[in-house]
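None of the figures in this text is laboratory data; all of them are computed from the coordinates on show. None of the values given here were measured: they were computed from a predicted structure. Here the Cβ is made from the backbone with ideal geometry for all residues, glycine too, and neighbour counts use every protein chain on show.
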């Protein structure tokens, strides 16, 4: 199984690419076209198909290729947006709705695992947040009290399962974890067993809306009455690109010399915070740890980020070996809550985005809500998570900050290039942004010494991409589109890859 980066995640170990079995009738107008084969798309497909809808799912590469294949697979009722912050930005009733919604999302996952016999190591786990300073300790008390008000089972804890010093700790019951890609494969099998059509290696381009939607894809036109974008953020240019900012998070999976592995989902209170859990893969236990998040495209030397993460982990754990390291992308919403529902300005087009790093939980919630909307049932969370919601207080400062940053990055990077002479110093596997007599070029030297030259302008919103040295990709710092070294599109919201530049184009021959 492949994913959208050069580094191998723990969820790819012993997981072959899923093989679709059902044949596609190109003449049929399906009830729903779902674009994206991650947690949101496949859960939506299973739920809608079980409700009697005829669904077709199109995945650009293989299922699990995107963020779900790079998750750390925490299922939690404690989100990045704390309940006291939700009370402040929304109100106490809304905080209770969020707690209820996340609880239902985890229950949904357990229900699907049980009902369809999905072998994915699902288990309930306690969650822990710990404070290392007096200031963090006071803040944690506020977080715990607000969580209790919202209906989350929380209590003080004198113990945490990781070897860190702490001043205060809180335990949250009934959190959960699972094996991400085995769960996805189980959902895919369930969807196809119910008659669903699953198309892999099927990039969807433009979508036209007439009597029905007609989607131009790599395998031909797909026709459907309704459309779901389960692509982490919808493609094209729309309001949600100004309300979501792309981030990358880094993860390692390692073994311990002691053989004593932490039980539970554990989080510190740093900014960005670090997180830990244990997973068994092929009979071997690993600690999965992550953190060191930053905005996509804002850290060229991503190898150094991994070195900093490893140094931090070795300081606290008696590590035997680090067997996996990888990074993954997520989108932060401006007010801390996801956007789930109809795409602003459109009818019969649905979306789930802005999961803020809580995609396994909120992607499952999005699937449940979208299924309710498509089948004519009113979602009790529809107004709270409406993608068209406008709250002047909630997230307004972050909205201004994130979009001001998009503008500054757009302008700044157009005039900040290494000289073309630096190309002779490129080692195999290295890349650089360069300028050749006024032509802006993204250059990559592959392992065979061949130079790949690309137009560095992202086709989505004309920002300039930056090189991700660890994952070997060109990443857009504005809206998160990512491209392979040869320019091929890895993840949207762009609909196509970077334009390849021929040497004769540069030289004017």
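A simple spin-label model places the labels of residue 208 and residue 257 6.6 nm from each other, with each point 7 Å out along Cα-to-Cβ.
With 0.36 nm allotted per residue and the present C-alpha distance subtracted, the residue 486-residue 145 stretch has 117.7 nm of extension available.
Note on residue 311 and residue 446: their simple-model spin labels are 3.5 nm apart, each label 7 Å out from Cα toward Cβ.
The chain: percent of C-alpha pairs farther apart than 29 Å? Percentage above 29 Å: 50. Between residue 22 and residue 135, the simple spin-label model (points 7 angstrom out along Cα→Cβ) gives 5.4 nm. Entry note, the chain: the mean residue ellipticity at 222 nm calculated from DSSP H runs of n ≥ 4, each adding -39500 (n - 2.57), is -8000 deg cm²/dmol after division by the residues and rounding to the nearest 500. Pairs of Cα atoms nearer than 8 Å and 6+ residues apart set the relative contact order; for the chain it is 18 percent. Under 18 Å from a label point set 7 Å out along the Cα-to-Cβ vector of residue 153, the amide N atoms of the range 160-181 belong to 170-177. Among 255, 190, a tally of other beta-carbon atoms within 10 Å of each Cβ gives an order, fewest to most, of 255, 190. In terms of packing, defined here as the mean over residues of other Cβ atoms within 10 angstrom, the peptides 487-494, 180-187 line up highest first as 180-187, 487-494. Using the Cβ-Cβ distance between residue 174 and residue 29 with R0 set to 30 Å, the FRET efficiency from 1/(1 + (r/R0)^6) comes to roughly 0.10. Among 14-21, 195-202, sorting by the average number of other beta carbon atoms lying within 10 angstrom of each residue, highest first, gives 195-202, 14-21.
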